[in-house]
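A short write-up of the structure that comes next.
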Ligand SMILES: Nc1ncnc2c1ncn2[C@@H]1O[C@H](COP(=O)(O)OP(=O)(O)O)[C@@H](O)[C@H]1O
Ligand SMILES: [Mg+2]
């Protein structure tokens, strides 16, 4: 809503002439009108108008995500009138009015769709440093960071320690969205506190960040509640304001709050400061690598392969225990008549291995599946109806489910199996293949994705963010050694 209010204080952008249907322009222009009387009276009314548009365009009508129990300003009096007791550092100021809605999948780890290999030695390391304030799990893409964080979460939950999970996204570069998402994450473990924080965020306007964070820290401290906050994919955050929030929590927080961060880079993490204070547990790619026994278990239990010990050792050596490469290798080896010969061919650094293995996997697919993968790689997330619009394939939902079943790095992100997401690394491979094999299709796919996103409610629109062609070259240079795409 804060974004919405900002938009309404600026002139309405010119939406006409870009191929957007008039009926869509009408609804959007009215929603952005500076005259409140001309605007829909509520987010629900606006959502209903968008749903009608979807229906009129023959698109699947999205469900509306409605916030439960939105706090009102009148409850402000119940907030501590003296403000925070914690020493506070000034955080960037911005105004805010009400919480956003985000897919609930951002607040829980991805559900594994295959058996997971126990990472006992890593869990032991995490356990040994459990009291430290910051645990940083940083390594390039596909090293098993999110999976390990999810496994650690389960262990903590079994020990009765509440864990709040937040998968950050680029919208968290707006500090107010980040705070809103943080509060939503806290809701899973401290619902009452979360309501109070939402009220503070709503009431305190320019000074909200300081109050929210201090209240959070004070509450955990005074109630002596041990809580862990897990932030997945921190590398997506680059804005100094949001980074300052994490700094503040680490700087001012007490031992009742442990923060676990997964990231492809070390940027935006106060590693040296925390290390100096002996408040850091750090797991990097050298530790995350699968060792020979873990690789063996992975290939047997996940890949269904029974290789000689020597082959496993060779594969482990050539992939350097990189989880994603092991997965790609197991897909390639499954149908191979000569696994040993194939393993001997897996050489080179990460990048080359990734390319080699992805090529190998993709070349064995049926043309229909290959084309489907390429076309559906244009958006960050994909649903059956969006996939069917992009590919013209009426069996799109079933195809997505089959692709997930085949372990092709696709995972459903909601319980209803409406939205799916490719692993970032695989998405990159697919996009490179799309650029190489079907460059002529790219503008059309973007046009379709853009059209779908324009007539979709904001919650779902986030999910169909598609790769902008203008920034293609910088975003598509994938390097496992740096984890950059
Ligand atoms: N312990 C594990 N057991 C089975 N598969 C794993 C395990 N750790 C990672 N993987 C697989 O390796 C791939 C990369 O893991 P992921 O956690 O997504 O990596 P990252 O977060 O570093 O990008 C995924 O397909 C995941 O299922
Ligand atoms: Mg991850």
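The values are calculated or read from the model by the stated rules, or taken from the named source; none is laboratory data. Computed from a prediction, not measured in an experiment: that's the story for all the values here. Glycine also receives a Cβ, built like all others from the backbone with ideal geometry; neighbour counts cover every protein chain displayed.
Rundown of residues vs (1) more than 16 Å from ligand 2 (Cβ to nearest atom); (2) outside the structural domain of residue 263 (by TED's automatic domain parsing); (3) within 30 Å of residue 451 (Cβ to Cβ), yes/no style:
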{"residue": "353", "(1), (2), (3)": "yes, yes, no"}
{"residue": "390", "(1), (2), (3)": "yes, yes, yes"}
{"residue": "411", "(1), (2), (3)": "no, yes, yes"}
{"residue": "416", "(1), (2), (3)": "yes, yes, yes"}
{"residue": "421", "(1), (2), (3)": "no, yes, yes"}
{"residue": "428", "(1), (2), (3)": "no, yes, yes"}
Taking helices (runs of 4 or more DSSP H) that fall entirely within region 239-298, which contain at least 2 residues that are within 16 Å of ligand 2 (Cβ to nearest atom)?
-> 285-288
Members of region 170-185 that are crowded, with 24+ Cβ neighbours inside 10 Å and within 16 Å of ligand 2 (Cβ to nearest atom) | 172
Flagged pairs (Cβ under 7 angstrom, 6 or more apart or on separate chains; first in region 223-237, on the phi > 0 side of the Ramachandran plot; second part of a loop (DSSP other than H, G, I, E, B) and away from ligand 1 (no atom under 12 Å from the Cβ)) are 224/256; 233/168
Going by the conditions given, is residue 332 touching a helix residue (DSSP H, G or I) at 6+ places or on another chain (Cβ under 7 Å), in a loop (DSSP other than H, G, I, E, B) and over 28 Å from residue 54 (Cβ atoms)?
-> no
Expected single match for modelled with pLDDT of 85 or more, surrounded by fewer than 17 Cβ atoms within 10 Å (Cβ to Cβ) and touching a strand residue (DSSP E or B) at 6+ places or on another chain (Cβ under 7 Å) among 167, 157, 149 is 157
Determine whether residue 429 is farther than 17 Å from residue 113 by Cβ, crowded, with 21+ Cβ neighbours inside 10 Å, within 16 Å of ligand 1 (Cβ to nearest atom) and modelled with pLDDT of 65 or more.
-> yes
Scan region 219-233 residue by residue and report those that are within 16 Å of ligand 2 (Cβ to nearest atom) and within 22 Å of residue 190 (Cβ to Cβ).
-> 230, 231, 232
Condition met for residue 283 (more than 14 Å from ligand 1 (Cβ to nearest atom) and buried (at least 21 other Cβ atoms within 10 Å of the Cβ)) | no
Per the list (1) more than 17 Å from residue 212 (Cβ to Cβ); (2) touching a helix residue (DSSP H, G or I) at 6+ places or on another chain (Cβ under 6 Å); (3) modelled with pLDDT under 85; (4) more than 16 Å from ligand 2 (Cβ to nearest atom), residue check on residue 14 breaks on (2)
Just for region 122-145: of the residues that are surrounded by fewer than 19 Cβ atoms within 10 Å (Cβ to Cβ) and under 17 Å from residue 290 (Cα atoms), which one is farthest from ligand 2 (Cβ to nearest atom)?
-> 124
Would you be able to say whether some residue in region 363-379 is within 30 Å of residue 445 (Cβ to Cβ), at pLDDT below 85 and either within 16 Å of ligand 1 (Cβ to nearest atom) or in a strand (DSSP E or B) (or both)?
-> no
Just checking, which of 308, 314, 293, 278 is more than 26 Å from residue 327 (Cβ to Cβ) and over 29 Å from the mean Cα position of the chain (by Cα)?
-> 278
Only listed residue being over 11 Å from residue 375 (Cα atoms), in contact (Cβ under 8 Å) with a residue 12 or more places away in the chain and more than 18 Å from the chain's Cα centre (by Cα), chosen from 432, 411, 441 = 432
Any chance residue 114 is buried (at least 16 other Cβ atoms within 10 Å of the Cβ) and either within 24 Å of residue 187 (Cα to Cα) or modelled with pLDDT under 85 (or both) = no
Reported set for region 137-163 where residues are in a loop (DSSP other than H, G, I, E, B) and more than 8 Å from ligand 1 (Cβ to nearest atom) is 159, 160, 161, 162
